[in-house]
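Notes follow once the structure below has been shown.
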Amino acid sequence: MAGEAVTGGALARLWRRVRAAVRSVRVETRFVLALWRVNLLAALEYRTAFISQVVGMMLNNAAFLVFWALFFERFPSVGGWGMPDMLQLFGMTATGFGLGVVLFGNALNLADIIADNGLDAYLALPRPVLLHVLAGKSRLSGWGDIATGVLCFALTADPGAAAWGRYAVAALASMTVFVSFLVVVASLTFWIGGASALSAQAIHAMLAFATYPLTIFDGTAKLMLMTVIPAAFIGAVPAEFVRGYSDRSLLQILAAAGVSLALAVVLFHRGLRHYESGGMAVSAG
Amino acid sequence: MPSIVVDNLRKTFAAKRKSAGLTGSLRAMVRPDRTTVEAVQGLSFRMDDGELLGFIGPNGAGKSTTIKILTGILYPTSGTAEVLGFVPWRERRKLAYHIGTVFGQRSQLWPHLPAIDTLALFGKIYELDHRTVRRRITLLSEAFEITHLLETPVRKLSLGQRMRCEVAASLLHQPRLILLDEPSIGLDPVAKQRIRDMIIRMNAEEGVGVLLTSHDAGDIEALCKRVIIVNHGQIVYDDRVSALKRRYLTVKDVGVRFVEPIAGDVDIPGAEVVKVGGGGYGLKLRFDTTVTPAAELLAHIGALGGVEDVTISDPSLEDVIRVIYEQAAAGEAIRPADGSWPSVEPEGSEGAP
């Protein structure tokens, strides 16, 4: 009887926790949707700027692809890769990056926000601070990257709902790894004071490595691109999943997204204990 | 019932020191000289529910650090604090539902959007239903006279208009306490007065407590009955505003206008004659109330001739605070052990009566 009562109590506690978690997800979803709506309203305040940034980014991306088109005209294959593979790789990276900066635009300047006491306003409000700060800004140019990514995919992929479904899953996973990586690097600011330059270098390194075929790197470099700078999980691996479904590649992109997200959340919140607001500028950590 | 209880609160920051120039920078890179800065040094105070409390001090005194600890933004190094029954740094999000904050130098409103959009977003942030948000926006926009401003992009508002919207936004969720960090910074006198009137109104109507930091002594004088002065992370004064002026400023200025001109030299025991002007009709004196009782002085004045008008003025709170800071900077004892308070002379008290 006592054992049953204990089990009943544990179940009731578990049930309460599940209900609280479901409520929390519902509340935060509503909140982040409201935040994205406000971001969109702010973007639409400046229609010309919005359109010019989107078109500008698409032209920028097109210039990059023209370079590769010329390259593959002379060397049709690099490590088994041709122009369609490159389009898929670039498209996946552009989509992941674009989604990241449109939905979580502050990821790019999180290090500056931490260093300039910018977390104060977020910490004074009753929402999860990391989610709030990341979604607190939207980069208009990201829409140009998303459009480029969709075009690249539409030009190269097999038509069909399954392929679009794989593309959506892969793009979300790519975005998660990208944003999480930026959060990890920016979180170093909590300890070392000024990680803005490091953050900018990490973004460039990430995007540079993500837009090259994985086959041109050797074992050690490949390992680096799957761990320290997880560029492979932004471009190559999700692109491979989009080309053709496999349990292995699905597991890889989901695991990469999950692990990087968990690492980012844990590191950021550990760092938050060291947040010194006005004292940060002189902090030795 | 106290809304804030702070006991022996401390906050230290690690800081790097370096000597000037390139050599100093290179030396600091190789062998950094680390030191500890004590921003808050054992603060203890209480604030009652619905109280209007001023929290003032010079730059670097530790007031903003204290406010940030009390809102859960910063962790203290040691000590305890409870705000509305919550430990701020452990229960930040729970506390945030019950407090409002305004940081005068950092806007919470979205600059490119009308304030009404930010208020709607705040409704989601505080999980308010649509009806409550609408009701509160109507009430606050009338109270703060911002109804006509709600649909104008915030970047196009004047600083005073924006600040009214900021304070209104901080009250949307009907908090029990608002923490205002320099709410009047950069505002002209008219805009300052409007903000003060509105804060007093919300305190009276909704019972919201106000913890206010400001460099403007006028804010404290107009809004607060009690004031805490901090310097170098320590409380140097915690009492009523009126007591602060009474204790610190025993020197008063007296302006007299006589019915007929007074003749000859004026000599009043216990008072310094600053000026005899206006063709003998006007007289300005300065006296110390601890030396000369006001009644005695007035009797001496009456003996000089028929008095048409007389004014006895307190120096402004600005003068009080200036003297306290100067004394603190000079390392003088702020509160003498015998409980007596040094007197100060008001600044700019020269001139014709």
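The values are calculated or read from the model by the stated rules, or taken from the named source; none is laboratory data. Keep in mind it's a predicted model, so treat the numbers as computed, not measured. In this analysis, Cβ positions are derived from the backbone assuming ideal geometry, glycine residues included, and neighbour counts consider all displayed protein chains. Accessible surface is based on the protein model in full, side chains and every heavy atom, while ligands, DNA and RNA are left aside. Shrake-Rupley method; radii C 1.70, N 1.55, O 1.52, S 1.80 Å.
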Go through B:K94/B:K156; B:K192/B:K275; B:K63/B:K275; B:K94/B:K225; B:K18/B:K192; A:K222/B:K18 and tell me which ones have a Cα-Cα distance over 31 Å in this structure.
B:K94/B:K156; B:K192/B:K275; B:K63/B:K275; B:K18/B:K192; A:K222/B:K18
Restricted to the protein assembly as shown, the DSSP antiparallel beta bridge percent, nearest 5, is 75
Sites B:E151 and A:R273, calculated FRET efficiency, Cβ-Cβ separation with R0 45 Å, nearest 0.05:
0.60
Can you compute the modelled spin-label distance between A:V22 and B:E91, with each label point 7 Å from Cα toward Cβ, in nm?
2.7
Tail weight of P(r) past 24 Å, computed on alpha-carbon pairs of the range B:189-283, percent:
50
Picking from B:S25, B:A14, B:V133, whose Cα lies most toward the positive end of the charge dipole for the range B:1-146 (charges on Cβ: Lys, Arg +1; Asp, Glu -1)?
B:S25
Under unit Cβ charges (Lys, Arg +1; Asp, Glu -1), what dipole magnitude, rounded to 20 debye, does the protein assembly as shown have relative to its Cα centre?
2700
Stokes-Einstein D in µm²/s, Kirkwood radius over Cα pairs - the range B:1-78 at 37 °C with 0.692 mPa s viscosity:
223
Projecting the Cα atoms of B:G282, B:G270, B:I301 onto the charge dipole of the range B:250-313, where Lys and Arg contribute +1 and Asp and Glu -1 at Cβ, the residue farthest towards the positive end is B:G282
Compactness of the range B:236-313, expressed as Rg and Dmax over alpha-carbon positions, Å:
14.2, 48
For B:Y237, list long-range residues whose amide hydrogen, built 1.01 Å from N in the peptide plane, is under 5 Å from its own amide hydrogen.
B:I229
Size of charge dipole - chain B - debye, nearest 20, with Cβ of Lys, Arg +1 and Asp, Glu -1, no other charges
2220
For the range B:133-251, list log₁₀ I(q)/I(0) at each q in 0.15, 0.20 Å⁻¹, using the Debye formula over Cα point scatterers of equal strength and ignoring solvent, two decimals each.
-0.72, -1.14
Please give the total accessible area that chains B and A bury against each other, computed with a 1.4 Å probe and expressed in Å² to the nearest 100.
3000
As I understand it, the dipole of the range A:1-45 uses +1 on the Cβ of Lys and Arg and -1 on the Cβ of Asp and Glu, about the Cα centre. Which of A:V25, A:L11, A:N39 lies farthest toward its positive end?
A:L11
Select from B:V30, B:V320, B:V266 the residue whose mean-square fluctuation is largest in a Gaussian network model of chain B (Cα-Cα springs shorter than 10 Å).
B:V30
Be a star and scan the range B:188-229 for residues whose amide nitrogen sits under 20 Å from the point 7 Å along the Cα-to-Cβ vector of B:D239.
B:217-218, B:220-229
Label points 7 Å out from Cα along the Cβ direction at B:V307 and A:V259: separation in nm?
8.8
Calculated log₁₀ intensity ratio I(q)/I(0) where the Debye formula runs over C-alpha points of the protein assembly as shown, q = 0.08, 0.09, 0.12 Å⁻¹:
-0.75, -0.90, -1.28
Less than 14 Å Cβ to Cβ from A:V237, Lys/Arg counted +1 and Asp/Glu -1: what total charge do the surrounding residues give?
+1
Calculate the dipole size of the range B:250-313 relative to its Cα centre from +1 charges on Lys and Arg beta carbons and -1 charges on Asp and Glu beta carbons; express the result in debye to the nearest 20.
160
In whole Å, what are the extents of chain A along the principal axes defined by its C-alpha atoms, from largest to smallest?
74, 55, 42
Using R₀ = 35 Å, calculate the FRET efficiency as 1/(1 + (r/R₀)^6) where r is the Cβ-Cβ separation of B:D288 and B:E260; round to 0.05.
0.75
Can you give the mean number of other chain Cβ atoms that lie within 10 Å of the Cβ atoms in peptide A:114-121?
3
Return the equivalent ellipsoid semi-axes of the range B:68-201 as a descending list in whole Å, where each equals the square root of 5 times an eigenvalue of the C-alpha gyration tensor.
26, 18, 13
Quantify how strongly other chains surround peptide A:75-83 by giving the mean number of their Cβ atoms within 10 Å of each of its Cβ atoms.
0
Most packed first (mean Cβ within 10 Å per residue), the peptides A:9-16, B:105-112 order as B:105-112, A:9-16
Value at 222 nm in deg cm²/dmol, rounded to 500, when DSSP H runs of n ≥ 4 in chain B each add -39,500 (n - 2.57):
-10000 deg cm²/dmol
Would you mind getting the Kirkwood hydrodynamic radius of the range A:1-128 from its Cα pairs, rounded to one decimal in Å?
19.9
Please work out the ratio of the alpha-carbon Rg of the range A:1-45 to 2.2 N^0.38 Å and round it to two decimals.
2.08
Other protein chain Cβ atoms within 10 Å, averaged over every residue that makes up B:122-129:
4
Extension gain, A:A200 back to A:A154 (0.36 nm per residue minus Cα-Cα distance, nm)
13.5 nm
Skipping prolines and chain starts, which residues have an amide H placed within reach, meaning under 5 Å, of the one on B:V307, given they are 5 or more residues away or on another chain?
B:V259
Using a 7 Å offset from the Cα along the Cα-to-Cβ direction at both B:D7 and B:I116, what is the distance between the two label points in nm, to one decimal?
5.0
